[in-house]
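All remarks here apply to the structure that follows.
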Amino acid sequence: MDMISYRLAEDTDADVTALVALYDGAARWMQGRGVDQWTPGERDAAHFRLHIKQDEVWFAELHGEIVGAWELWWEDLPAWGPQPPVAGYLHRLMVDRDRAPAGTGRAMLARAEQRIAAAGRPLSRLDCKSSNPRLRPYYESAGYRVVGEQPSKVGSDGSRYTVTLLEKRLLGPDAEQTTEQATEPGA
């Protein structure tokens, strides 16, 4: 695979517009394949600006073109409730299916895990709709394990739905070490 580079998204019109377009494209791709996870238009510029300011939003780039992105939160009250600071929470792992080479999603997932481990947090956590039978096996094949369900997560439209909670141990005696290539944010 060609070398993918990573950078933090900035609160600029260009970056935010790219994130909205990437989200909508990924949502359309999922819907076209019967994957019940996202809806085009569900995440707007305000959503991404908020997470750029309070969390981390990362781009994956190949030859200067954006091929994917993800959000990394340091807490996730809606899905996980109050927790000690032991995890990073991945959201909106998005791939541009027209530009990204095969394996880009896994490469981004690994990079996010490196960032979490570099921050000294031993767990990577994420969630997906329980009604989505395709994402759970994808994450399980990447080393995540199901640790529970949140039966009443509230969507952006106020609706409630159930999510499956998954986590992966990144640091510890029995964990696959992911820190050997970890770098500081923005590197």
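Whole-Hz ³J(HN,Hα) for each residue in segment 118-129, computed from phi via Karplus 6.51 cos²θ - 1.76 cosθ + 1.60 with θ = phi - 60°, x for glycine and proline: what do you get?
With the stated coefficients, segment 118-129 comes to 5, 7, x, 9, x, 10, 10, 10, 7, 9, 8, 4 Hz.
How large is the helix-only mean residue ellipticity at 222 nm for the chain, computed as the sum of -39500 (n - 2.57) over DSSP H runs with n ≥ 4, divided by its residue count, in deg cm²/dmol to the nearest 500?
Working: 5 runs with 56 residues, N = 187.
That comes out to -9000 deg cm²/dmol.
Quick one: net charge around Thr17, please, counting Lys, Arg +1 and Asp, Glu -1 for every other residue with C-beta under 13 Å from its C-beta. Intermediate results must be reported in sequence, preceding the final value.
Numbers: positive: Arg43, Arg49; negative: Glu10, Asp11, Asp13, Asp15, Asp24, Asp44.
Local charge sum for Thr17: -4.
Find the centroid of the Cα atoms in segment 42-57 and in segment 85-104, then give the distance between the two in whole Å.
15 Å
Could you work out the equivalent-ellipsoid semi-axes for the chain, taking the square root of 5 times each eigenvalue of the Cα gyration tensor, largest first, in whole Å?
On the way: eigenvalues 97, 92, 55 Å².
Computed over the chain, the values are 22, 21, 17 Å.
Read the figures in this text as sums done on the coordinates, not as results from a lab. The shown structure was predicted, so the numbers you read here are calculated from the model rather than taken from an experiment. Because the Cβ atoms are built from the backbone with ideal geometry, glycine has one as well, and the counts that use them run over all protein chains shown.
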